[in-house]
Each structure stands twice: as C-alpha cells, then as structure tokens.
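Take a look at the structure set out below.
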There are 2 protein chains.
Amino acid sequence: MSKAQSKVVTSPAPSVRDMANAIRALAMDAVQAANSGHPGMPMGMADVATVLFTEALKFDPAVPSWANRDRFVLSAGHGSMLLYALLHLTGYPGMTIDELKNFRQFGSKTAGHPEYGHAPGIETTTGPLGQGLANAVGIALSERLLAARVGNDLIDYHTYVIAGDGCLMEGISQEAISLAGHLKLGKLIVLWDDNSISIDGATSLSVSDNEIERFTASGWNTARVDGYDPTAIAAAIKAAKANTSRPWLIACKTVIGYGAPNKAGKSSAHGEPLGAEEIKATRERLDWPYQPFDVPDHILSAWRAVGSRGTKVYADWAKRLSTANAEAKALIGGRKIETAVAAAIAEAKTAFAADTAKRATRVWSQLTLERLVPALPELIGGSADLTGSNGTKTKHHASVTPENFAGNYVHYGVREHGMAAAMNGIALSNSFIPYGGTFLVFTDYCRPSIRLSALMQQRVIYVMTHDSIGLGEDGPTHQPVEHLSALRAIPNVYVFRPADGIETAECWELAIAAKRTPSILALSRQAVPNLRSDGSENRSAKGAYLIKSPEGKRDVTLLATGSEVGVAVEAAAELAKSGISAAVVSMPSFELFRAQPESYQNDILGEAPRIAIEAGVAQSWYEWLRKSDKFVGMSGFGASAPAGKLFEHFGITAVHVADIARQAVAS
Amino acid sequence: MSKAQSKVVTSPAPSVRDMANAIRALAMDAVQAANSGHPGMPMGMADVATVLFTEALKFDPAVPSWANRDRFVLSAGHGSMLLYALLHLTGYPGMTIDELKNFRQFGSKTAGHPEYGHAPGIETTTGPLGQGLANAVGIALSERLLAARVGNDLIDYHTYVIAGDGCLMEGISQEAISLAGHLKLGKLIVLWDDNSISIDGATSLSVSDNEIERFTASGWNTARVDGYDPTAIAAAIKAAKANTSRPWLIACKTVIGYGAPNKAGKSSAHGEPLGAEEIKATRERLDWPYQPFDVPDHILSAWRAVGSRGTKVYADWAKRLSTANAEAKALIGGRKIETAVAAAIAEAKTAFAADTAKRATRVWSQLTLERLVPALPELIGGSADLTGSNGTKTKHHASVTPENFAGNYVHYGVREHGMAAAMNGIALSNSFIPYGGTFLVFTDYCRPSIRLSALMQQRVIYVMTHDSIGLGEDGPTHQPVEHLSALRAIPNVYVFRPADGIETAECWELAIAAKRTPSILALSRQAVPNLRSDGSENRSAKGAYLIKSPEGKRDVTLLATGSEVGVAVEAAAELAKSGISAAVVSMPSFELFRAQPESYQNDILGEAPRIAIEAGVAQSWYEWLRKSDKFVGMSGFGASAPAGKLFEHFGITAVHVADIARQAVAS
C-alpha cells in the first residue's frame, strides 16, 4: 500500500464542517490569546465562508493583487479572525500561524479590525459598520467600469461581502444598497450574517426590519439559506452568480458563536474571549481534539488545495492579458499619468493666466476639469446631486448608467456618505481616480468615509464647494464654519483651499499626484479675483507662499486661504496707501506647508505682526500665530443673507483687515 | 342686504386650490424678491399642506409652544417658504408679510432654511436633508414618553413631516424609519413629496427604490395619493390618524413647481427664482390675478379662520391641565431641576472622594448616572448598541419598548446618526433631557446632528466613551485621534473630558445645567486614578484649573485633559524628584476656560514653559501654547495593540512627559 493510498484511508476529504471548524478554532484561540476580540461572528459564519472560498471565490494567494480576482469584503470587520484564518488557511504569503498568535498585538498583520495594507488579501479597512458594504459598491462598480473599457474577457469578477446586523442598521447601508440596486451591480453578492444578536442583546431590542423586503425594494435579488447547510449555501451562491441582473442579498441564518455550548446565540459571544472553560467545551462539542492554533495536516492540506486552485486560473488570465492591447494593459496595471496631468494643468494655467474674469473657484475647478478629464480616462467624476453647483461635470463626461458603464460620471444621488465610501472602493481598484462633489458643510455627512480614505491612504478627491458664509442665503445650516479646521485635524488629508484660477489648477495637480493621501478641494461659491498670472511653477506645492511680496521692509503679514486671499490682497493695497508694507501669504494647504523646512516657514511667516484671515473658525490657525497676532474670521455660526452682507457683518473685509493691521503695526 | 350677506355672495368659501395658490404665490414672489431660494417644493406641495393645515393639524398660533400641539416638521427645509407662508396665513405672531418680503435677508425671521428659534411655529431647524424626518422620530417618541407619564388626556398629538426625495435618499432616513417602525410610533405621519425630481434632474438618474415597499419593510403603514386631490389627501390623513398601530408614509404624487407653465416638473424649478416672465405666466395659469405678496381678503380670512380654530381646542386643554396633578404639570412645563441635580451630584462626589479605586471615567459616568437618573425623571438615556461599554444604563432604567413608553432607556440600535437626530427631537420637547452613548470615534457618524444640536441650542448630552488610543486592541478604526479637536471646532458645543470620578460628576452637572448648549462627554475606556477628593466646589466649571499646585515657584506647567491628567500628575511627581516644581492644569473644557477672564487664564497657564498632554492631535491645543511650548500626543492614527503598549509607543507616558519637561526647563 503506497503512502498516498494510506492517506486516503486515514484522511478522507474533510467536510465543509471540518474545514469550517478550523476557522472556528483559530478564531476562538486567537481571541483567547489576545484576551480581546470577537469570536462570535467568525464562529457563526465559518461554514458560509468555507463554502464561499471553496466553491466560488476566484483568487490566487500567490498573486493577491490580481486585477481580476474576486473581492471578498468583510464588512463586519470585528470578525477579523474570520478573514485572517481564511488567509492563513488558503496560504496567503506572510499570514503565518505566528501572525494569528499575535492577533491584536503591536506590529502584527492581524490588527483588531482588518487594516488595508497590513497583509495581502485584506481588500479594504473595515470595522466602522456599514463601510465595507458601501466600499464594495465602489469595488463592484469599478469592475463594471473597467470591464466596459478592457472587455469582460479580462475583467469579470464578483464582489462578495459579509455584512452583519450592525452594517445593515447603519444608514450608510441604505445609501449603498440603493445605489447598487439603481446601477444594477449584479456581480455584487452580500452574505448577511443573520444571527439576530447585537451587542445590547437580541436585535429585537432595536430593529424589526424585514431585510429581504428592504433589499427587494431597492432592486436586489434575494435568497435565504441555513448558514449550516453547505449544499444550500453553495446553491444560493451559484444561483446568484448565474443571474447578474441585480445585486444579491443572501440572508444566512446563523448562530453567533456557533459551537460554544454555553455562549452560542448570546451577545456574550460577540466581543470578548470565550474563556478557557468554554473553549474546552467548544472543542468537545465540535469534535475538534487539536491543540490551540493546531490545524491538522489533512485539513490544512485541503485548505491549501483551495488556495492553489487559483494558480491555473490566474495563469490563463495572465496569458490573455499578455495579448491585450496596450491601453487595456495600462488601465489594468495603472497608467503613468504624470505627463498627461502636467500638460493638462499647464494648458489650464496658461488659459487662466490670460483670463481676467472674476470667477468662483468652483468654476475654475470645472475649467480645470475640462482639461483634465480628456487627458485622464482614469478620472471617474460624480456628485451627490449637486452637479451644477459643484462644477464636477464637464463636456467630456458621460453618465454611468446600468446600460452604460463606459460612462465616467456617477450621479451618486443625495448620498454623500455612500458616495465617499464608494469612492474608497473605486480608488482601491487601482485603475481609477475617483472624485466627487457636495457642499463643504456636508463633509459632515461623509466624514467616516473621508477618515477611511486617509487611514487606507487612498487617492480620493473630494470636491467640496460653497466653502464658507460666501454661500449666502441658504444660511447657517449650509455654511461651513468649523469644517476647514475639522478636516485639517484628520491625519493624512490634504485640505486645499485655492485662492484663484491658477491655484485651483495647482491644487488639482497636487491632489492627483498624492497617491497615498486623499484631498479635499474647498472651493468658493462666490466669484473671486484672479490673483496670479505666473504659471510655470506650482507654487501651491509648498503649502504657503508669498502671493504678494512686501514693498521694502515687511510691516505686517496677512495670511489667508481661498476667497479671503483676495480680501488680503485688497487690504494690502489699502495699507500701502497709509505707507504700510504688507506681505500677503496664500496658504492653500497647511499640511504641505507644515512639511517644509523651518527656514522656509520662517521666511514666509516673517517676524512682522501677522493677521490671519479665513471665513471659518480660528482653531487650525493658532499653529501659525503668536499670542500677539490676530485672526479675522468666524467665531460662531453664519446667517442667512446675501454673501456680501455676511462678509460685511462678520468683518471679513479688506477695510476691516486693514484696520486690524494698522492697529497691529501701531502697537 | 347686510355687509355680511354681501360678502357671502361675492366671496364663497375659497377652495383648497385657492388657498394653496396663496402659498404658491407667496413662495414664488418671496424667492423672486430674494433672487434666491426654492420655489418648486412649496408650489408642488401647496395643496397637501393646505389640506393638512385645514383638515388635520391641531395648533393655535396664539400659543405656539402649546405642549399638546401637533408638530409640523418641514424636513425638506429648502422649501422654507411653504412653512413661512403657512405661518403667515394662519396668523402666527410676528410672521408678517414684511417678513416674507424679507425672505433670506439679514436679520429676518425668514432664513433660507427654517431656523429653530427664529419664529414661533418653526419646530426644528431643517435643510441638511433627512434631519427633519429623524428629528420627528424623536418628537413622536417624546409624545409617547410624555403621554405615558401624564396621560393621553393631556398629551396626545401627531407629528407630521413633509419629506422630499433627498430626505429619503440620505442614509439617516433609514435609521429614522427603522427606529420609528420598531417603536411603532403610530402618530408619526410622513407626507412624501414624490415629485421625481432632484437637483441633477429626474430622480431616475440616481434612485430606483420602491419607497412604499421600503417603508413597509420597516413596519410602516403606507398610502398613495394624488397631491392635487384634496379629498384623497384628507381621506389618507384621516385614515392614518385613525390607525395608530404603526407610523405612516403617505406618498403624495406631485409636480415640482406646480403651476409654472414652463418650469413645472423640471429641476429648474427647484432651487432658483422662476423669473419675472414665468411668474407672470404662472399667475395666469393659476388664475391668481393679485399683485406680488397680495393675498386677497377672502382667502386670507379663510386661512386666519383655520388658525383661530385652535383657540377653543387649546382652551379646553388648558382647562384639563389646570386640574392635573403637580407632577404632570411640572413635566409638561419643564421642572425646576437645579436642586435635585445638585443633591445627586453632591452625593456622587462625596462617594467618589472616598473611593480610591482606579476606574475608567466611563465607569465614573455610570456611577454618576446611578445617582442622577432616579433624581431626574426627565433624563432619557440610550446608546447606539454599546450600552455596556458606554455605561449609559443604570439599575434605575427600564427599556422603552412599543409596549412600555414609561421606560426611560432607548436601545437606539447601531444608528448613531438616527440616535443623535432623535435626541434633538426629544430635547425640542422641552420635557426631557436626552443623553446617548457610542464610541467617541463614531461622533463622525452623527456629526451633522451634533451640529444641529449646537445650532438649535439644544441640551443634548453625548456620552462618548473609548476616547483615545486607550481603547487599545480594536485599533485605529476605533481610536479617535482628531475627534477632540474636530468637536471643539464646532461653535456652541461643550467638549468635556473629565480626568477622574469627581470631574466626571462635575462635567455631568455642567452638561445638565447647559440649557442652550449640547455637551460631549469624552470618557476613557481604561481605568484612571482618582485624583481629587475635594468635592464641594465645581472646579470644572471654569474649564481649567490647577489640579496640582506647584511646590513653590513654578518651573513648568503641565496641561492635560481626561486620562492624561493622571499622566501629568505622575510626571509632576517624577519631576519633583529632580527638584523641578511642576503645576498640573486639568482642562476639562476649553470652551468654559475660554469664557474666563484673561487674568484667570493667565494665572492658570502661568509664565513657565508649558507642556500639553492629550492622546489626540495637537490642533486645538495651539490656542493655549506659545511657540516654545511643547505638545505630547498623537500626530497620526493609532494602532491595534493593548492600550499600555500604545501609550508607551506613542510616548504618552509620565516618563516621556518628564523628559520633555526637563528639556523645556533646561532650555
């Protein structure tokens, strides 16, 4: 009897249950070792995940960035051990058993929640509930966009999501499913961990929605399965794959902490270690007689076989890619865009330098886009139903519709949060650069997703217009005052507030060049004077610069951003009449200025008294001001009135700035 | 023939259409006069609103704060002229025709969007879409809560909402309708302005939801009506009032800009003046031959008669109230609570002063609530599914359920945004003080509603725990770093970050005393030492104070908040060993400190070198620091690891602070 034959006798192909138990055991062991984490979800969904990975998911652990892989998004990110166990079992590089033993420890790949970039196979950062589901809409949309450009032969993947009750309770989920249903993203398949338990107890404490009906109402196909019936799960996924007319919800009835004799089905299984006793009892109940973190060979082999099944599929695809045209290859791999961007921006700046009209920076932004969009097929524009106001659509755009994924403009609807999360998903595709617009005040509606753009280091460009009381009559609900400071507080975000046409083009250039940092473009509603005509150097790149040098010795420095730079320039002219020499510093990006050498910062800021001017609150300005310096801006909410009246009322005028400057110089 | 008879002959009772046309005309005239605004929605919904006000709404313009009035919430706040027109026509005090002529002008009552407090009859501030609908859930919930306490005889009102497509696209709407459906808020009636138009164009550009099915899935009753069939509208509202088993959606099929010959049904009617020509044509089409802002007597009289119909209803109610028990009267009118609060806080502080245990400030908060809740029946607690973690529920709480509105604790579900908006609605009741918990990082999810708490000056208390990297293993997605600064940037918000038990009790006292300001209580996950045993004075009330005075001359000042005050105190002890005399300043509220006289601020901050310590970003601290001062905190996102390890890694330790202080003193 050969060894192989002997193996067949002693180790029959493990069942789905056996393979799922490996996930369960790893999850409960890792959480126990960390003395922290969420065992309940991985244990409850282990069978569903096993069927998904063994029967459906197209992936190759050796090529985790394969453009045509199926995406697996764990929206219920607290169940991170489910993902880490799967990555380990299927053989993703680096996801060793030691990483699992180091779950939630400093420097491990196995953070408390899945962190994009920590390890191959983590498709997106999840944990804040609903975000993964909403990212997945962007990922699934990217698939359609890319397929429309390079053909289904090269791009044809599914996006699978595991979402929990919490994901579905978050409002962002509605924006996501509504958008996905509208766009008929039929290759998006959501597996809902329907376990009827949330942290406070039974979900019946707080929710009575019929999710099947809810998704149906948004144009989804739906199915229900027993989360422990592998045949039914496989059949449901197969049926979903076969019918791509609409996105799919598969409700999987599960038991949280499945297998734990005393905690299964209870909220106590959700977010804390099961404890040594319960783990022992669970091992017995599951008939899993192995030591902690020990996966027996026959089960590990079966899992690894699942992982290596993708080798050939990938190789076949790579062969197809090798015969594809250059444009398709470039789009899939990520084009080199620097030259095209530079040319488009140069063209814009030349045109703007010759244009003496007063225009809103949102209009300058649109005029910049008129040049950028044809040069960059990667750009996917959009707006949360403020297209005309945001100036996000150009004559080179076609709307994305279920019938036309060759389009390059998304009508996101009145869904700022869903838009931002979808843009994160689009950026993760590595093939597209998403930008989307709304009013600056509504960054509040999408802030959790902006934060994830920053944390995931994704190039998402937020075109945020109507950036101050300059919005006027709509009043304080629509006038940002705290938002510039509040956005500047987020790590790894560029908050650009350009002053005129040239700066707007420069900030667009910087935003596109920032491959690992999202950008906010804060743009005015109201017209501003064009201040610069020099074009070749990107002066905004240093974050702040002298837009008007003092005449001779500097008596006072006026610091401003955006629409208030024009106010400062006017104030400087006013001061010149009194023989006061004012420097005007435009500061389109605090972040880039902060990154300059101190000597440059000192040169720009100077020793003279400083007056900072911005139609927002002072908070983020104190970094650049000394105790004796002054701030001209807002200290409370705005009001409803024509913009000019408001600037007058709140004292954000050249006359008032000049007065303050005179006092500062005199004192 | 008497004059009265003559009137009957020449002026028959005006039709709903005639009365609605008064709204239409005022809306288009006011928008035209302002050269800004949204005529389309008021013109489209004028008939529905007319039927609501004439047939159903219980109100008395002479007593706009009547506790048992029906509430009318214009969630589609851009249609503010609908509300202003109704308030004017029905005779609300102060809403003169001149106010309408001053629409959107500085200082008028008629702001671009309805602003709570600007005029009687404006029930809540709306404009940011979805907020009104979600406020209304809190308002309708308040009705049930109050009725359960004082009886249906005294409190029995309906809450009516007009919501637009935008409201329903926002994710917050799902949280709101899901919560309302779960709680079976059967006296909430939403009239959906189903006009199929949004700003970008037809709603079919971005949304395909079946709203009737969607609401049904969340446990609502639904109906559809033609928005220009008064009989059908009246019948639908009547049916809805008769069946209070579930909340109601009445989908009203309308035409945006109804009556405007060339713009009706188009997005061009949404957000800009119709223009003189189109207004002229509309007057003809509507057979409305009157001058701008001119409402003919017979129509105005009919409207005023609708307004005065409430006089008797109110009088009857007032009579019933006069015979009610003192407790009911007090709850309805708003109890004087100062004494009860002072006693509960004093009791807590006495107990805490004697308690030497290390506890998390979230635990101190819970222990404070154990005293406050029985003393304050007005307190309505809750959490977005983090009850145990937030410490928001005490032994004095009973859960609010559809069967028990006598409860005082709301399981809001995983719906931070819906919770915050509902709390705004509860606060607007004037009978309750709402507080609700989630993790501090998730203030991002509810920021638009926090902003409205501030703008509306509502006493909403946000119990935001896990307030730093001290959260530990859950990692950067759950660790706030920018949030303290970002929240401090919002005008009219108190951001309290107490250091220990006594301060936590003091901050609760201040939050409850802040009748016109919402509060954030930022509380630690991890245990902190109890630092104070003095109890009688509320030292937190000045925002910052010396929690540890220097021994002799002050060499250095350590400024800190929350869990880092303990670090500072420990560092001071360390420094004392080197003969360095450190003052430690606890700064639980920047806002209250900013309000102190400069002399007090200078005394506290001192002239010695300052080291600020907070496990967040520096931004909001620069206000208190000079260029030579130092900040010890975060400059980027956190990481997943045990909390102790993280504080070590990021250098937020007594040892590191002492090092920095030594360098500062030496230099």
Test item: Cα-centred dipole of chain A, Lys/Arg +1 and Asp/Glu -1 on Cβ, debye: 1140
Normalised contact order of chain A, rounded percent, pairs of Cα under 8 Å and 6 or more residues apart: 12
Relative contact order (percent, whole number), region A:337-522, Cα cutoff 8 Å, 6+ residue spacing: 23
Flagged links, alpha-carbon separation over 25 Å, of A:LYS58/A:LYS393; A:LYS577/A:LYS630; B:LYS109/B:LYS280; B:LYS553/B:LYS630: A:LYS58/A:LYS393; B:LYS109/B:LYS280
Positive-end extreme of charge dipole, chain B - chosen from B:SER308, B:TYR445, B:PHE593 (charges on Cβ): B:SER308
In degrees, nearest ten, helix A:361-375 long axis to first principal axis of chain A (Cα): 50
Region A:377-477 - charge dipole about Cα centre, Lys and Arg +1 at Cβ, Asp and Glu -1, debye rounded to 20: 300
Against the rule of thumb 2.2 N^0.38 Å, how large the Cα Rg of the protein assembly as shown comes out: 0.92
Percent antiparallel among DSSP beta bridges (both partners in region B:16-318, rounded to 5): 10
Degrees separating the helix B:338-353 axis from the principal Cα axis of chain B, which is the longest one: 30
Cβ-based charge dipole, region B:16-318, positive-most Cα from B:TRP288, B:ALA217, B:LEU154: B:LEU154
Cβ-Cβ FRET estimate between B:LYS627 and B:GLU598, R0 fixed at 22 Å, reported to 0.05: 0.65
Solvent-accessible ranking of B:GLU473, A:GLU509, B:GLU537, largest area first, probe 1.4 Å: B:GLU537, A:GLU509, B:GLU473
Label point 7 Å beyond Cα along the C-beta direction, distances from B:ALA242 to other copies (nm, shortest first): 4.9
Residue (of A:GLN663, A:VAL556, A:HIS649) at the positive-pole extreme of region A:542-666, dipole from beta-carbon charges: A:GLN663
Surface accessible to a 1.4 Å probe, B:ARG304 within the full protein complex, Å²: 90
Mean separation of Cα contacts under 8 Å, 6 or more apart, over the residue count of region A:16-318: relative contact order %: 25
Alpha-carbon Debye profile of chain B, log10 I(q)/I(0) at 0.09, 0.10, 0.11, 0.12 Å⁻¹: -0.79, -0.92, -1.05, -1.17
Karplus-derived 3J(HN,Hα), 6.51/-1.76/1.60, for each residue of region A:546-557, Hz, glycine and proline x: 7, 7, 9, 6, x, 7, x, 4, 7, 8, 7, 10
Accessible heavy-atom area order of B:VAL190, A:VAL569, highest first, probe of 1.4 Å: A:VAL569, B:VAL190
Label point 7 Å beyond Cα along the C-beta direction, distances from A:GLY151 to other copies (nm, shortest first): 8.1
Separation of the A:ALA318 and A:LYS577 label points, Cα + 7 Å toward Cβ, nm: 7.3
Net length gained if the chain between B:ALA342 and B:ASN325 were fully extended (0.36 nm per residue, minus Cα distance): 3.6 nm
Principal-axis tilt of helix A:276-286 within chain A, Cα atoms, nearest 10 degrees: 50
Residues in region B:286-310 that a label on B:ALA62 would reach, taking backbone N under 16 Å of a point 7 Å out along Cα→Cβ: B:304-310
Over chain A: helical MRE at 222 nm, DSSP H runs n ≥ 4 each giving -39500 (n - 2.57), nearest 500: -13000 deg cm²/dmol
Cα-based convex hull, region A:337-522, per residue volume (Å³, whole number): 104
Bins of 10 Å from zero: percent of alpha-carbon pairs in region A:542-666: 14, 48, 31, 7, 0
Percent carbon-and-sulfur accessible area, region A:576-639, ignoring ligands, DNA and RNA, probe 1.4 Å: 50
Spin-label model distance (nm) - A:ALA351 vs B:THR350, 7 Å beyond Cα toward Cβ: 7.6
Inter-copy separations for B:ARG309, label at 7 Å along Cα-Cβ, nm, ascending: 6.9
Full-extension gain in nm, A:ARG304 to A:ALA148, via 0.36 nm per residue minus C-alpha separation: 52.8 nm
Accessible surface, the protein assembly as shown, averaged per residue in Å² (probe 1.4 Å): 31
Cα centroid separation - region B:237-311 against region A:539-556, whole Å: 55
Accessible area buried at the A-B interface, both sides summed, 1.4 Å probe (Å², nearest 100): 7800
Computed magnitude of the charge dipole of region A:62-178 (debye, nearest 20; Cβ of K, R +1, Cβ of D, E -1): 200
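The values are calculated or read from the model by the stated rules, or taken from the named source; none is laboratory data. Only a predicted model underlies this, so the values are computations on that prediction, with no experimental measurement involved. Cβ sites come from the backbone with ideal geometry, for glycine too, and all protein chains shown count toward neighbours. Keep in mind that these areas ignore ligands, DNA and RNA; they rest on the heavy atoms of the full protein, side chains included. Shrake-Rupley method; radii C 1.70, N 1.55, O 1.52, S 1.80 Å.
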